[in-house]
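Reading through the structure tokens given below for one structure.
The values are calculated or read from the model by the stated rules, or taken from the named source; none is laboratory data. All values derive from a computational prediction rather than experimental measurement. Because the Cβ atoms are built from the backbone with ideal geometry, glycine has one as well, and the counts that use them run over all protein chains shown. These accessible areas exclude ligands, DNA and RNA; they are computed on the full protein's heavy atoms, side chains included. Shrake-Rupley method; radii C 1.70, N 1.55, O 1.52, S 1.80 Å.
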Amino acid sequence: QVQLVESGGGLVQPGGSLRLSCAASGSIFSFDAMGWYRQAPGKQRELVAGINRGGRTNYADSVKGRFTISRDNAKRAVYLQMNSLKPEDTAVYYCNTHPLTDWSWGQGTQVTVSS
């Protein structure tokens, strides 16, 4: 079993920044490509950013230029630096493999962008 624990969310004003962290633990055979996903109320979960083991990244159009994904393979951690936040970024953010495999979802971390 693999456990994913996300942290770093909170309430922030439009234009503000947050840095999310994700720690993976448990029976991890290989810490490969990972992604950050988000789910807003009433909407489907969507991929926000992905990063492969070598550090190559990809982003949803809605966050390009504002969000940066990174990773620390030794710590089995993935990060998401979010700048210039907008109200439409409000969602629960999760990390998981990308593409999805059999790893269970964590609890996520709530990000609320509001004045």
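Inverting the pair-averaged 1/r between distinct Cα atoms of the chain gives 14.0 Å as its Kirkwood hydrodynamic radius. The phi torsions of region 8-20, fed into the Karplus equation with coefficients 6.51, -1.76 and 1.60 and a -60° offset, translate into couplings of x, x, x, 9, 9, 7, x, x, x, 9, 9, 10, 8 Hz, rounded to whole numbers, with Gly and Pro shown as x. In sequence order, region 25-41 has phi-based couplings of 8, x, 7, 9, 6, 8, 9, 9, 5, 10, x, 9, 10, 9, 9, 8, x Hz under the Karplus curve 6.51 cos²θ - 1.76 cosθ + 1.60, θ = phi - 60°, and Gly or Pro positions carry x. A simple charge model with +1 on the Cβ of Lys and Arg, -1 on the Cβ of Asp and Glu and nothing else charged puts the dipole of the chain at about 200 debye relative to its Cα centre. Computed from the Cβ-Cβ distance with R0 of 22 Å, the FRET efficiency linking Asp72 to Val5 stands at 0.90. Surface composition of the chain: carbon plus sulfur atoms contribute 47% of the solvent-accessible area (1.4 Å probe, protein chains only, all chains present). In straight-distance terms, cross-link reach from Lys43 covers every one of the lysines whose alpha-carbon lies under 23 Å from its own, apart from those fewer than eight places away in the same chain; here that gives Lys64, Lys86. Taking all protein chains into account, the per residue accessible area for the chain stands at 54 Å² (1.4 Å probe). Annotation: amide H-H contacts under 5 Å for Val2 (H modelled 1.01 Å from N, sequence separation of 5 or more, or interchain): Ser27, Ser104.
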